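Remarks on the structure that follows.
The values are calculated or read from the model by the stated rules, or taken from the named source; none is laboratory data. These figures come from a predicted structure and were not determined experimentally. We place every Cβ from the backbone using ideal geometry, glycine too, and count neighbours over all the protein chains shown. Areas reflect the complete protein model, heavy atoms only, side chains present, ligands, DNA and RNA absent. Shrake-Rupley method; radii C 1.70, N 1.55, O 1.52, S 1.80 Å.
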Amino acid sequence: MTVLEAIQKSTDFLAKRGVESPRLQAELLLAHLLKMPRMKLYLNFERTLAGTETDALRECVKRRGGREPLQHITGSTSFCGFEITVNRHALVPRPETEILAELGWTFLASLGSPVRAALDLGTGTGCIAIALAAKCPAARITATDISPEALALAADNAKKNNTAGIEFRHSDGFAAMPKETVFDLIVSNPPYIPTAEIETLQPEVRDFDPRTALDGGTDGLIFYRGFAIEAKPRLKPAGKIMLEFGDGQAPAIRKIFENEKWIVEAVKSDYSQRDRILIASLRG
Ligand code: GLN
């Protein structure tokens, strides 16, 4: 079988299984297996695949057809230019979360000296914390997660990206954070899907991202209610919080924070122009 035939066959199979952008997915899988950039496949359409290559491709395409996310099969994804290893213990980093990370490091960098402190609550793969640490090497970055397996993955990712200075802490929200530690910046991409909606999500998310990373309780807002209260004593007077949230949640989230006397400074939108990130402070 040639490269082109393999792509066509894989595309047909993935399309039948309801995979979005089946041709692109087939190409990405084959490029991964052949260890070449996707575009280089186009120069190799006539190349005949070795039996071992065809076997490996068949295995990968079968997994993808079972709606396993591409990133779980290739083992990693890119986040703000950093290579992040992924597995079933943490949410696959999403492109929109890159906006949150960039807002975070831009704010942190704007503060200048002395040493600044930032917290990433619910770090998952560690993607946000790693981006902050890499872009603001002078800052002290702490990252927490409720899952010890996610923390192990995050620490491994930090090491691979030369941001080993991040302090990883096993904690349910702020519970295990020492009371006296305060931050200039607290970022989080918490679970925000209403429980009943999880079943309606695409299988890649529903069956492969950890439930704890998705489930935001009955209305999806349980994390924000707690955070609006618990984050107050953890923030320095001029500090800011930056939180990702889900589609249509902006008005409810604004209310939650304003009721707790936060000043909502901005609501930023994502690449599809949907409200996605809340920026708030206690002082304005
Ligand atoms: N902070 C991680 C991310 O943004 C994990 C978020 C989560 O599990 N809800 O990818």
### Task
For segment 170-196, enumerate the residues that are within 15 Å of the ligand (Cβ to nearest atom) and either surrounded by fewer than 17 Cβ atoms within 10 Å (Cβ to Cβ) or within 17 Å of Ile241 (Cα to Cα) (or both).
His170, Asp172, Gly173, Leu185, Ile186, Val187, Ser188, Asn189, Pro190, Pro191, Tyr192, Thr195
#### Entry: Selection within segment 184-232 - closer than 30 Å to Val115 by Cα and polar (S, T, N, Q)
Ser188, Asn189
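Residues are listed down the side, and each one gets a yes or a no for (1) open to solvent by 10 Å² or more (accessible area, probe 1.4 Å); (2) touching a Gly at 6+ places or on another chain (Cβ under 8 Å); (3) among the polar types (S, T, N, Q); (4) not in a loop (DSSP other than H, G, I, E, B):
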{"site": "Leu91", "(1), (2), (3), (4)": "yes, yes, no, no"}
{"site": "Glu102", "(1), (2), (3), (4)": "yes, no, no, yes"}
{"site": "Ala109", "(1), (2), (3), (4)": "yes, no, no, yes"}
{"site": "Thr123", "(1), (2), (3), (4)": "no, no, yes, no"}
{"site": "Ile128", "(1), (2), (3), (4)": "no, yes, no, yes"}
{"site": "Lys159", "(1), (2), (3), (4)": "yes, no, no, yes"}
### Message
Would you confirm, using the coordinates I've provided, whether Thr11 is more than 30 Å from Leu201 (Cβ to Cβ), modelled with pLDDT of 95 or more and either open to solvent by 40 Å² or more (accessible area, probe 1.4 Å) or in a helix (DSSP H, G or I) (or both)?
### Response
no
### Glu167 being open to solvent by 40 Å² or more (accessible area, probe 1.4 Å), away from the ligand (no atom under 16 Å from the Cβ) and either in contact with a Cys (Cβ under 9 Å, 6 or more places away or on another chain) or not hydroxyl-bearing (Ser, Thr, Tyr) (or both)
no
### Summary
Across (1) hydrophobic (A, V, I, L, M, F, W, C); (2) in a helix (DSSP H, G or I); (3) within 16 Å of the ligand (Cβ to nearest atom), Ile141 clears everything bar (2)
### Message
Need a quick list: strands (runs of 3 or more DSSP E) entirely within segment 198-284 having at least 2 residues that are open to solvent by less than 60 Å² (accessible area, probe 1.4 Å), within 16 Å of the ligand (Cβ to nearest atom) and touching a strand residue (DSSP E or B) at 6+ places or on another chain (Cβ under 6 Å).
### Response
235-244, 275-281
